[in-house]
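First up is the structure itself, then whatever we jot down about it.
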Amino acid sequence: MKRILITGALGQIGSELTGKLQEIYGVENVLATDIRPIENKDGNFALLDVTDGERMQQLAKDFNADTIMHMAALLSAKAEGNPLFAWNLNMGGLMNALETARNLGLQFFTPSSIGAFGPSTPKIGTPQDTLQRPTTMYGVNKVAGELLCDYYFHRFGVDTRGVRFPGLVSYVTPPGGGTTDYAVDIYYKALEQGSYASYIAQGTHMDMMYMPDALQAIVDLMEADAAQLEHRNAFNVTAMSVDPEAVAASIRKHLPDFKLTYDVDPVRQGIAASWPDSIDASAAEREWGFQVKYSLDAMTADMLNKLREKFAHA
Ligand code: AKB
């Protein structure tokens, strides 16, 4: 992996992944693309609507890419608001990225999600290989995407790889339109207002991971010896299983007066209730050495420090 084209480079993961890849492989070896223009960033950038497969392939060819990381997607709550648009963007973009990889012989990465599971999936210690009957458009897209990535490997020999991300927490780019976003918002509000009204109900557990661990997981999987990969795509990865109260309790270790209240949003609560409480990441640990550095408390300490610095410089 040395010449990498990233789609969705201004998104929640893409904006940090771009910097990480530039650090590892060199600024000149990363081409960031997004549908929105980029401002004040180092490195190569091109405008790209991922539903335009011809342009995607031309950009990858001109850049002499050997890898494509397809990050552009509509998240779960937004996708429920506009299911047809979500299908066209999430599936159309993915097909274009897979075709680009197939035609140009590129290594390929795309994230799946805990959203690929549904209410009939085992909720606790959700296995790597299990029942997947999601009830959201986002989940339908993710399951179809996982299958397509496997298909492109078996049918065309494309070196496809991917993980199922849990909710990702970061102080850099706010997420947009996800179900797990409360776990980011809560830190901002803790510092700004000393209180937070959670749209996810008390006792609703979901998996989460701190962004530095998520970025390292992507690099480690892409660098892993292909011979060790039994699964290749959609590896369960997680760092913690938390509900809003657990995050609040962790915040109170730094801000003892922090108050958590509830103002539950039925749409996002319904999605959260259909997802696992905790997933089992042992296949990723076994096959490519997946591990995390940040527990809930370590993440909280870092989030609060970094957000304080960010607010001080705003
Ligand atoms: C979302 O909430 O939609 C995402 C995800 C878990 O895929 N963060």
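Observations, loosely collected:
- Every pair of residues 6+ apart whose Cβ atoms lie under 8 Å, when the first sits in region 60-73 and is assigned to a helix (DSSP H, G or I) while the second is open to solvent by 30 Å² or more (accessible area, probe 1.4 Å): Ala60/Leu104; Lys61/Leu104; Phe63/Arg3; Phe63/Asn44
- A residue that is open to solvent by 30 Å² or more (accessible area, probe 1.4 Å), polar (S, T, N, Q) and either without any contact (Cβ under 8 Å) to a residue 12 or more places away in the chain or under 24 Å from Leu147 (Cβ atoms) (or both) occurs nowhere in region 229-245.
- Test for Leu215: is it modelled with pLDDT of 95 or more, open to solvent by 20 Å² or more (accessible area, probe 1.4 Å) and more than 13 Å from the ligand (Cβ to nearest atom): no
- Of all residues in region 178-198, those satisfying the criterion of being among the charged types (D, E, K, R) and more than 9 Å from the ligand (Cβ to nearest atom) are Asp185, Lys189, Glu192.
- A single member of Leu148, Leu168 is under 30 Å from Lys306 (Cβ atoms) and not in a loop (DSSP other than H, G, I, E, B), and it is Leu168.
- The residue list Lys306, Lys293 contains one member that is in contact (Cβ under 8 Å) with a residue 60 or more places away in the chain and closer than 30 Å to Arg232 by Cβ, which is Lys293.
- For region 263-303, the tally of residues that are of a type outside the set (S, T, N, Q), assigned to a helix (DSSP H, G or I) and open to solvent by less than 60 Å² (accessible area, probe 1.4 Å) stands at 14.
This table checks each residue for (1) more than 15 Å from the ligand (Cβ to nearest atom); (2) assigned to a helix (DSSP H, G or I); (3) among the small types (Gly, Ala, Ser); (4) open to solvent by 60 Å² or more (accessible area, probe 1.4 Å).
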| residue | (1), (2), (3), (4) |
| --- | --- |
| Trp87 | yes, yes, no, yes |
| Asn103 | yes, yes, no, yes |
| Thr121 | no, no, no, no |
| Tyr138 | no, yes, no, no |
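- So Pro174, is it out of contact with any strand residue (DSSP E or B) (no Cβ under 7 Å at 6 or more places or on another chain), open to solvent by 40 Å² or more (accessible area, probe 1.4 Å) and within 13 Å of the ligand (Cβ to nearest atom): yes
The values are calculated or read from the model by the stated rules, or taken from the named source; none is laboratory data. Computed from a predicted model, the values in this text were never measured in an experiment. Because the Cβ atoms are built from the backbone with ideal geometry, glycine has one as well, and the counts that use them run over all protein chains shown. Just the protein is used for accessible areas: all its heavy atoms, side chains included, with ligands, DNA and RNA removed. Shrake-Rupley method; radii C 1.70, N 1.55, O 1.52, S 1.80 Å.
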